[in-house]
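All remarks here apply to the structure that follows.
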């Protein structure tokens, strides 16, 4: 039997009755758009392996999300694009030559363990892509630290024909080993002509994306600025390597602009964001200088993710008029 | 008298679509007396008036049909001659049940009916402060901006507190609404007179007239009306920003003072804020002896044939207002009493207007967003939009699992329910409603605690008596 | 100066690198049990710091002055359990008397320290490493700080998770364990930060 | 070997003596009944009673701030033991269960609008008075179900229902309902009036197909006014639960169809 309704029935809802018509999927789409430059740069430098890694990660993440929601008996959230974004971010944080099945395992971990177990978007305490990266770094240490040299222009054709790519060390590994003279020149660091993860190499492309996000008001300046400034100042004070090397390599740009600014796992208040960015920068540099890993960006952000609820708690805004 | 720009900008705020052009240029039109009125006893903030009439009684225009019931309360007068058809509990616009007197205005009065009561016109310059306050009270005037706080109470600060600034609220930041705007244009001299009366009552405070920058004509009208006024009077042009009309934010924008947390009131920082419509009503009550029986209501929305600013007696059924404005062009999907940001969705057109009904909006399906909310993604838009600098995200997340304590710790009681948080939420969460839920349950808890304490005290007293 | 940097190394090592909960997986019971509220977690951390420091001092004395001279090293675990258990009982009684609010907050969890492997673990590690008295006490103190640090961070996350909506089978402890695992994963980043045997 | 035994025994002795001293001189005096009550409670710390554990519930019981019998795990035996300790007779009043006095399902009652907001009765009621045409009826947003510690309340077809077998009569739902239509009734009563609307019949008929119209037929069929099985509030019949009707035939004779015999699930007796 159909529910009976009054003749003139209206929508009854609480105020406000107006909406800015923004949406979660629009925000996620903005971030994906902002990641396009660095994605293209990664593909340009690392060729087809990068393309495959990205496709596999995105596809696995989206599929896992759909399957998880189905298993949980909840409505699908594939449409909010957050899973696709996680896949893209994870791929950009992987070396191009990683075996595809590993990328797949990582993607499943990102969505199933780091996100859907907690109830999906908005509930996860850790950035799914970073949690998956840390998981892979520990599980598949070898492949995760084998870096393809960027395909230089002359041998791009060869690479496309399937010739084995050359593996090499990242600039930060040289820094760690004290071989500063091996670090590529500034121009290479800016455009991204160096070994590294797919999405972390091209500083210019990343800055372009970050500018887009700032312009769209998707992110605020607090976290990237605090993060990068802390790294730069630490580099200047410690004198381990030139500040530009520390900032432009090892995923600091990608982390500061795209990973640390993840809404769900970063503080909500402006003050908290500054603290968060500072903490990320400091931990990143401490791990780089003293820790067992040559680069510490993703672990630094993960640890700050863990502290984020406390930072939120300690930086609650003071109400207008409160003492 | 001078016109200045506001020097103080509060944090937060949003820019909704104002849609004021729909009714802005329509001069105030008087509604012919409707056949039936539904006059609520709860038209104001505070205790509902006590109903004095019963079914079958004849009432005259201006007759008191509901008497003031408590300190924070105002009387209700009949807006027209007629016969009481019934007195019954009805749901008001805000969703609460209250007595409503249904008056049949077509009934012919018996010959021996008493003449309508008359309030004698007063000369405000010679009347005493108490006389003026008494008149404002007996005219049944309450704030006409929306909350409906009894004006006589507001104009009578408790001992030890002095009003230094009288802030005139002409911001009208709510979308669609143009009633105050039209009053400022068409009734500027009345507002001027009302201001002079209020200054006398309040002990000659400085006057700040707050108008948003998107109403240049209103600013010009007020400039003209107040051109030759003596004393410290300024028109403050506010930036266009919602919720500029909020009392606390208006005080900050005009005077630069910050009202502390509740239970502090504006008078604690030496300010009294009054809506322009109320000020005009005060002038009418004092100079003409005309009680507050009617008000200007903006009837607007994209489902109304001809949006208008209508002068209608309180108790006019929404259906009559809609009919006066040419009816609906299509079936309205949502009817809102008030503006789109803070108004109340209503379920029936049988509800009568009140002294605080500033607008009545009929929105088509296209203007109504029905949300199915998602999980909070912590984006912080609500935090940035909140003019009270709260953390609405935290409150909404806590209230989703009925965690009232967390909400209370997050100062939810400071929330002014302006709706800026929900307005911008990309996850379409009903944040404002969660805040309201939290506030209601905290208020209920406090009331229960008070009642329990009072009961304990009473039984304690009884026990002692018995012991004696 | 060298001594200071040595003690700093002990501190960093015990708090971050070889965190008792997140890296050695000791004291998981209070870690899961008392981490629902940050206030309680802070209280529990205080209690653990207190108990562990005193317990390690007592057990060190016991080990070096009573057991070792009599070649009774093989019963040290037994002796430690006995001493720690009665010590915690004693603290429980004293706290109930002098700090009733804290006692109320820790509730049924205070006796958990009795059987907390973290306390015993610190004593055992000290015993095995054969460190000096101050080193041993400072190490236990640092380890307890590390335990508290992890506990407070974890409680912050769990307070946030209280508002989450996980699938039914993961509600409660299951989710807490997954979260603890991820937190442990994050703390792997500190590995190699200091190079000390413990 | 002997040294080891002596050693351990010595340590044990020292510890025991110090603990005994501490217990004697530092112990906090508290109501001994708390310990006794704790002892008879199951000790599972399940939280089913709504307290933080058995200890907290015992404390509340001794302080008299908690109802005896909220412990479902311990059941009646436990309640009796507690009653014995606390000196009150194991209360002879019979078990009470919650009853939702509305049967206006979505198909029977009129909806005034499409409510769009958070799923909570009080909040929905504060939005234009709720979407249900009947101002006294169950809104069906489950405020009662949310506070029920035993998950005894379920909402289906816009109507809350209480499972008598699970209900422990704690009364939380009674407080939670913004329409005040949940009542604690004796578990043995089998005939109920499922309506809460006291207004005149025609008005009720406008908004609900199964609302009580106050026709007094139930009273007449159960032996008239003298029998005293029903009381009336306006145009609403109410079962007098001190003297409930027992004849099930009056249910079918109710013209408004707002009566029911043991309406929600079986009794479980």
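Read-outs throughout are calculated quantities, based only on the coordinates presented, and are distinct from any laboratory measurement. Computed from a predicted structure; not experimentally measured. Positions of Cβ are generated from backbone atoms using ideal geometry, with glycine treated the same way; all protein chains shown enter the neighbour counts.
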message = Can you compute the FRET efficiency between residue C:94 and residue D:4 using 1/(1 + (r/R0)^6), with r the Cβ-Cβ distance and R0 = 25 Å? Round to the nearest 0.05.
response = 0.25
key: Percentage relative contact order, the stretch D:96-261, counting C-alpha pairs under 8 Å, at least six apart   = 24 percent
Cα Rg, Dmax (largest Cα-Cα span) when computed across the stretch B:9-119, Å = 18.1, 62
task = Per DSSP H run of at least 4 residues, take -39500 (n - 2.57); add these up for the protein assembly as shown, divide by its residues and hand me the 222 nm value, nearest 500 deg cm²/dmol.
result = -13000 deg cm²/dmol
query = Could you give the distance between the Cα centres of the stretch A:175-237 and the stretch B:308-357, to the whole Å?
reply = 58 Å
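Work out the FRET efficiency for residue D:24 and residue B:50 from their Cβ-Cβ distance, taking R0 = 56 Å, and round it to the nearest 0.05.
Working: r = 67 Å, r/R0 = 1.20.
My answer for the efficiency is 0.25.
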message = Given 25 °C and 0.890 mPa s, compute D for the stretch A:236-323 with the Stokes-Einstein relation, Rh being the Kirkwood radius over Cα pairs; round to the nearest whole µm²/s.
response = 178 µm²/s
message = Using only Cα atoms and rounding to the nearest 10 degrees, what angle (0 to 90) does helix C:2-12 make with the longest principal axis of chain C?
response = 40 degrees
request  = Partner chain Cβ atoms within 10 Å, averaged over the residues of B:409-415 - can you pull that number for me?
outcome  = 3
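Using a/c under 1.5 as the rounded threshold, could you call the stretch C:1-137 rounded, prolate or oblate? The axes a ≥ b ≥ c are square roots of the C-alpha gyration tensor eigenvalues, and prolate needs a/b larger than b/c, oblate otherwise.
oblate
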task = Name the shape class, rounded, prolate or oblate, that the alpha-carbon gyration tensor gives for the stretch B:334-468, where a ≥ b ≥ c are the square roots of its eigenvalues, rounded holds for a/c under 1.5, and otherwise prolate holds if a/b is larger than b/c and oblate otherwise.
result = oblate
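Quick one: divide the alpha-carbon radius of gyration of the protein assembly as shown by 2.2 N^0.38 Å and tell me what you get. All intermediate terms of the calculation are to be shown ahead of the outcome.
Numbers: Rg = 36.1 Å, N = 1258, 2.2 N^0.38 = 33.1 Å.
Here the answer is 1.09, to two decimals.
Starting from 0.36 nm per residue, how many nanometres of slack lie between residue A:322 and residue A:187 once their C-alpha separation is accounted for? Mind dumping the intermediate values first?
On the way: separation 135, 0.36 × 135 = 48.60 nm, distance 5.13 nm.
Full extension of this stretch gives 43.5 nm more.
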note = Ranked by GNM mean-square fluctuation in chain C (Cα springs under 10 Å), the top entry among C:103, C:163, C:64 is C:163
query = Considering chain D as a Gaussian network with a 10 Å cut-off on Cα pairs, which listed residue, D:27, D:81, D:160, attains the greatest mean-square fluctuation?
reply = D:27
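R0 = 56 Å: FRET efficiency of residue C:39 with residue A:78, Cβ-based, nearest 0.05? Show your work: numbers first, answer last.
Numbers: r = 39 Å, r/R0 = 0.70.
Using R0 = 56 Å, I get an efficiency of 0.90.
Students often check this: by mean Cβ neighbours within 10 Å, which of D:231-240, C:3-12 ranks highest, and how do the rest follow? Display every interim value, and only then the final one.
Numbers: D:231-240: 16.8, C:3-12: 13.8.
Ranking, from highest mean packing down: D:231-240, C:3-12.
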request  = Using only Cα atoms, find the angle between the long axis of helix D:54-63 and the longest principal axis of chain D, and express it within 0 to 90 degrees, rounded to the nearest 10.
outcome  = 70 degrees
remark   = Under the 7 Å Cα-to-Cβ spin-label approximation, residue B:72 and residue B:85 lie apart by a distance in nanometres of 3.4 nm
key: From the C-alpha gyration tensor of the stretch A:21-124, square roots of 5λ in Å   = 24, 17, 9
query = Quick one: Cα centre-to-centre distance for the stretch D:196-269 and the stretch B:38-73, in angstrom?
reply = 36 Å
key: Averaged over A:299-308, number of beta-carbon atoms from partner chains that fall within 10 Å   = 5
query = Taking Cα atoms, how many degrees apart are the long axis of helix A:203-215 and the longest axis of chain A, rounded to 10 and kept between 0 and 90?
reply = 20 degrees
inquiry  = Between the stretch A:284-318 and the stretch B:439-465, what is the separation of their alpha carbon centroids in Å?
reply    = 49 Å
message = Using the basic label-point model (7 angstrom from Cα toward the beta carbon), what is the residue D:17 to residue D:240 distance in nanometres?
response = 7.5 nm
message = Between C:29, C:61, C:117, where does the largest GNM mean-square fluctuation fall for chain C, given springs only between Cα atoms within less than 10 Å?
response = C:61
note = Inter-chain shielding metric for A:310-317, i.e. average beta-carbon neighbours from other chains within 10 angstrom, reads 5
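Once you have a ≥ b ≥ c as the square roots of the Cα gyration tensor eigenvalues for chain B, tell me rounded if a/c is under 1.5, and otherwise prolate or oblate according to whether a/b is larger than b/c. Numbers along the way, then the final one.
On the way: a/c = 1.19, a/b = 1.11, b/c = 1.07.
Rounded, since a/c falls under 1.5.
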remark   = Pseudo-spin-label distance residue B:217 to residue B:409, built 7 Å along Cα→Cβ, given in nm, is 5.3 nm
